[in-house]
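**Student:** Below is the structure I would like to discuss, written out as C-alpha cells.
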Amino acid sequence: MPLVFEDVENHVQHNGNDHSSANEISSALCCGANGESYNLGKRIDPEDKRLLNCRQVDVNQLMPLKYEWAWEHYLNGCANHWMPTEVPMQRDIELWKNPHGLNEAERQVILRNLGFFSTGESLVGNNIVLAIFKHITNSEARQYLLRQAFEEAIHTHTFHYIVESLGLDGREVFNMYHEVASIEGKDKFVMALTEDVLAPNFSTQSAEGMKKFVKNLVGFYVIMEGIFFYSGFVMILSFHRQNRMTGIGEQFQYILRDETIHLNFGIDLINTIKLENPEIWTPDLQQDIYDLIQEAVEYEVLYARDCLPDGVLGLNEGLFREYVQFIADRRLERIGLQAVYGSKNPFPWMSETIDMAKEKNFFETRVTDYQSAGTLQWED
Ligand SMILES: [Fe+2]
Ligand SMILES: [Fe+2]
C-alpha cells in the first residue's frame, strides 16, 4: 500500500498542480476500462447506465439502480450464504477410508470431479476479477460480480476442506487439470477465452471487442458454469441419492444452488448486452457461439468417458452425451438461439433437485440462520 501513496505523491509533484492531479485521480477511479470520462458534477439518470462502454455515469454510485435483475441476483446470493466447514464430513471419511466402502470406479469418479472443480472454481473467479470486472461499466452488475467472486472463493475453499477431510493429496487433486487430458481439454478451452480479453490491446470499444467479450461470457457463464459443472453435479449427487458421500453431496447441493444464480446472472448479462448493442448480434457471432457450445459438448462427453469408462451407479458415457446435449439446448434457447440436438433429459431427477433448491426447506436451517444472524439486535 505505501507504494500507492508514493505514486500519488510523485504524480502530484510531477504535475506541479494539486488540483489537476486530483481530477486525474478521481477520473481514474471513475472511468471505465477504456478510459471513458464521466461528468462527475451531474446526478445520475439511470437511463444513462450501460453495461459496456458507459460514458455518462460514475460507476462508483450504486443508486439509482437500472438493472433490477443484477440487484435481485446479488440479494439472492447473499441470502444463500454458506461455508463448507459447516457440513459434517464424518460419514464421508468413514466410507472413504473403509477399503470396502467404495470400489475403484466409484473412487475415480469422485477424484476426477474433485480434480475438475477444485481448479475450475478458481478459473471462474479469476476470469471475473482479472478479465470481466473492469469492462463492466455498471455498479449494480459489479456489485453482483463482487458477490460471485467471493462465492467462487468459497467453492474453492470447499475443495480444500474435502481434500483435508478425506486425507487426499492436495497436489494431486489441484494439479489434475494438468495431468488428466479430459480436464485439461475443458480448462484450456475456457482459459483461451480469458486470454482473449486479457490481450494487451483488447477493448470493448469496437464491435469486434464486444463480440470477443460476449464469447468470454458464453464460455464461462453458459459453458463452464452452465454445462461443464452440471454433469459434475449429476455424478456427485448420484452418490448422494444413494445416501453415500453425503457430506460432499450436501456441499455440491449448495454449490449447485449458487451456480444456478451465476448462470441466471450470466444469461441476463449476455441478453442485456445484446439488447444494448444489437449491431454485435450478427450471424457470424451466433455461429461462433454454436461452434463453442458444440465443441464444449464434445469435451464434456470425453470427460464423462474418462470419469466412468465402464459405467458407475447406472451412469455411462451415452447417458451423459444425452444429458449434456439436453442442457446445451436449454442454454442456447435462453440466449435467443435455436436448440440443435433435440435430446431428452435422461436425469429428470436433476430438474427436481434444481427446483427443490429454490425452496426454503431443501437445505438444513443454516441458511435461514445466517439471515436472522445478520439482523443486529441492539440492547440498551
Ligand atoms: Fe463456483
Ligand atoms: Fe460459479
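None of the figures in this text is laboratory data; all of them are computed from the coordinates on show. Computed from a predicted model, the values in this text were never measured in an experiment. Every residue, glycine among them, receives a Cβ derived from its backbone with ideal geometry; neighbour counts consider all protein chains shown.
**Student:** Based on a Kirkwood Rh over C-alpha pairs, give the Stokes-Einstein translational diffusion coefficient of the stretch 68-368 at 10 °C and viscosity 1.306 mPa s in µm²/s.
**Tutor:** So the translational diffusion coefficient is about 81 µm²/s.
**Student:** Work out from phi, with θ = phi - 60° and the Karplus expression 6.51 cos²θ - 1.76 cosθ + 1.60, the ³J(HN,Hα) of each residue of the stretch 209-215, listed in order in whole Hz, and give x for Gly and Pro.
**Tutor:** x, 5, 5, 4, 5, 5, 5
**Student:** Between VAL129 and LYS274, what FRET efficiency comes out of the Förster formula 1/(1 + (r/R0)^6) with R0 = 25 Å and r the beta carbon distance, rounded to 0.05?
**Tutor:** For LYS274 and VAL129, the calculated efficiency is 0.55.
**Student:** I need the GluC sites (Glu not before Pro) found in the stretch 63-133, filtered to DSSP loop residues with at most 14 other beta carbons within 10 Å of theirs.
**Tutor:** Here no GluC sites (Glu not before Pro) fit, given the DSSP loop and packing criteria.
**Student:** Additional query: Considering the dipole of the stretch 68-368 built from charges on the beta carbon (Lys and Arg +1, Asp and Glu -1) around the Cα centre, which of SER118, VAL234, ALA79 is farthest to its positive end?
**Tutor:** About the Cα centre, the residue reaching furthest to the positive side is ALA79.
**Student:** Here's a follow-up. Residue by residue through the stretch 217-226, which ³J(HN,Hα) values in whole Hz follow from phi under the Karplus form 6.51 cos²θ - 1.76 cosθ + 1.60 (θ = phi - 60°), with glycine and proline marked x?
**Tutor:** Going residue by residue, I get 4, 5, x, 8, 6, 7, 8, 4, 7, x Hz, with x marking Gly and Pro.
**Student:** Once all Cα-Cα distances of the stretch 181-223 are split into 5 Å bins that start at 0, what whole-number percent is in each one?
**Tutor:** Calculated P(r), rounded to whole percents: 6, 24, 28, 20, 13, 6, 2, 0.
**Student:** Treating cross-link reach as a plain straight distance, find the lysines whose alpha-carbon is under 29 Å from the alpha-carbon of LYS42, omitting any fewer than eight places away in the same chain.
**Tutor:** Once the sequence-local lysines are set aside, what remains near LYS42 is LYS66, LYS134, LYS274.
**Student:** Next up: If a/c stays under 1.5 just call it rounded; otherwise compare a/b with b/c (prolate if a/b is bigger, oblate if not). Do that for the stretch 198-313, with a ≥ b ≥ c from the square roots of the Cα gyration tensor eigenvalues.
**Tutor:** Judged from the Cα gyration tensor, the stretch 198-313 comes out prolate (a/c at least 1.5, a/b above b/c).
**Student:** Okay, next question. As I understand it, the dipole of the stretch 68-368 uses +1 on the Cβ of Lys and Arg and -1 on the Cβ of Asp and Glu, about the Cα centre. Which of SER203, VAL129, THR246 lies farthest toward its positive end?
**Tutor:** THR246
**Student:** So, in Å, what gap is there between the alpha-carbon centers of the stretch 160-200 and the stretch 117-151?
**Tutor:** 17
**Student:** Another question, then. Could you tell me what a quarter of the Cα convex hull surface of the stretch 60-117 works out to, in nm² with one decimal place?
**Tutor:** For the Cα atoms of the stretch 60-117, the hull's average projected area reads 6.9 nm².
**Student:** Among the lysines, which fall within straight-line cross-link reach of LYS186, defined as a Cα-Cα distance under 18 Å, with same-chain neighbours fewer than 8 residues apart omitted?
**Tutor:** Within reach: LYS215.
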